[in-house]
Every structure is written in C-alpha cells, then in structure tokens.
1. Which order do the peptides 54-60, 15-21, 81-87 come out in when sorted by mean C-beta neighbours inside 10 angstrom, highest first?
2. Within the chain, count lysine pairs with alpha carbon atoms under 24 angstrom apart where the residues are 8 or more positions apart or belong to different chains.
3. Compare the peptides 129-136, 42-49 by average per-residue count of other Cβ atoms within 10 angstrom and give them in order, highest first.
4. Quick one: dipole size for segment 118-158, taken about the Cα centre, charges +1 on Lys/Arg Cβ and -1 on Asp/Glu Cβ, in debye to the nearest 20.
5. Using the heavy atoms of the protein chains and a 1.4 angstrom probe, tell me the accessible area per residue for the chain in square angstrom.
6. Given a 1.4 Å probe and every protein chain left where it sits, what share in percent of the accessible area of the chain is carbon and sulfur?
7. If segment 124-169 were replaced by its equivalent ellipsoid, with semi-axes equal to the square roots of 5 times the Cα gyration tensor eigenvalues, what would those be, largest first, whole Å?
8. Counting just the Cα atoms, what span does the chain cover along each of its three principal axes? Round to the nearest Å and put the largest first.
Amino acid sequence: MGLRCNHYDVAFEEFLRGRKTPYVFVDERRRALLEGASLKSMDFIVYSPGETNLLVDVKGRRFPSGQQMHGHKWENWTGAEDVPALLQWQEVFGAGFRGLLAFAYHIVHEKHCRHFDELFEFRGRRYAFFGVWADAYLEVMKTRSAGWDTVCLPSREFRRLRVPLGELL
C-alpha cells in the first residue's frame, strides 16, 4: 500500500485487499493528458470476477454529515467534472470496464450502524461502501452548488441507484 493520507481511500483499499480483489491504485497527483486535455484520474482500477471491471472514484462522506447525531445521512455529492471524467475513462478502457462512484461512508456514531447490512471496520472506524454507476448518476444528477462546481443526486434517486459495493465484487 502506498503512502496515502485520505482515510476513505485507505479503508477502501483495505476493503479490496480483505476480499482478495485485484486492483491498481491510481496516483491521483498525476492528471492524464488525453487528446491534449487534462483529465481527472479515477482512484482505483478494480478487476472484478464478473464481466465488468470497475474504474472507481472514491467519495468519502461522514454518516451522518454535520452534527454527529443529527446531520444529513446520505450525502452523495461529487465534483461536476468527476462523472464526465469517469465516462471518458470508460471509453478509453473500452468494453469490460465501467465507471463507478464509490461512496465510502464513515459511520460516526454507533446508533447509525442499523442503517447498513454490511459494515467494514478499519483502524477503529466503521465504514459502509456503496456504488453508483457513473452513467446512471449522470442521467439524474442535479447541480448542488454552482460556486463550488458540485453535483448530487436527489435522495430518492440515490437510494434507487446505490448498490452495496460487496454485491459488485
């Protein structure tokens, strides 16, 4: 495991290792040039035992966000460039690869564990991982903040589209 400071990425990587899932960590400090344009990198290339390999951008979120006991539970925002970048990488990699936003939720209070069927414990923290296909996210995403250049899914759509990551591996 390389030097990482983002605990969400480290926990996600350990989740993959624990499942013996082959993957490549992508050094996000180096943006790729594709057709003369800078393209945001994904975080992981995950080789799945199924037909579809995953091009994964990990989005770490607290659950709930804000106040530990009463904040918003299903934050699912991302940068506006993230989804189109994943879809462009999907085209570059071709058949057999699909872009996925992986939401890594750090469960900040034990009372919220009941919201999850599968939890992953790592370094004294509990996580739950959900994936949303980039193309499905694109179809229903809304602007969250024009100033911050972020997008999100309405809660109902997120609940409909999210899949526990363990089911995809």
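1. Taking the mean over residues of other Cβ atoms within 10 Å, the ranking is 54-60, 81-87, 15-21.
2. 8
3. Ranking, from highest mean packing down: 129-136, 42-49.
4. Magnitude of the dipole: close to 260 debye.
5. It amounts to 54 Å² per residue over the chain.
6. Answer for the chain is 49 percent, counting heavy atoms of protein chains only.
7. Result for segment 124-169: semi-axes of 22, 15, 9 Å.
8. Here the Cα extents, ordered largest to smallest, are 48, 39, 30 Å.
The values are calculated or read from the model by the stated rules, or taken from the named source; none is laboratory data. This is a predicted model, so every value here is computed, not measured. All Cβ positions, even for glycine, are placed from backbone atoms using ideal geometry, and neighbour counts span all protein chains on display. Quick note on the areas: whole protein, heavy atoms, side chains included, nothing else; ligands and nucleic acids left out. Shrake-Rupley method; radii C 1.70, N 1.55, O 1.52, S 1.80 Å.
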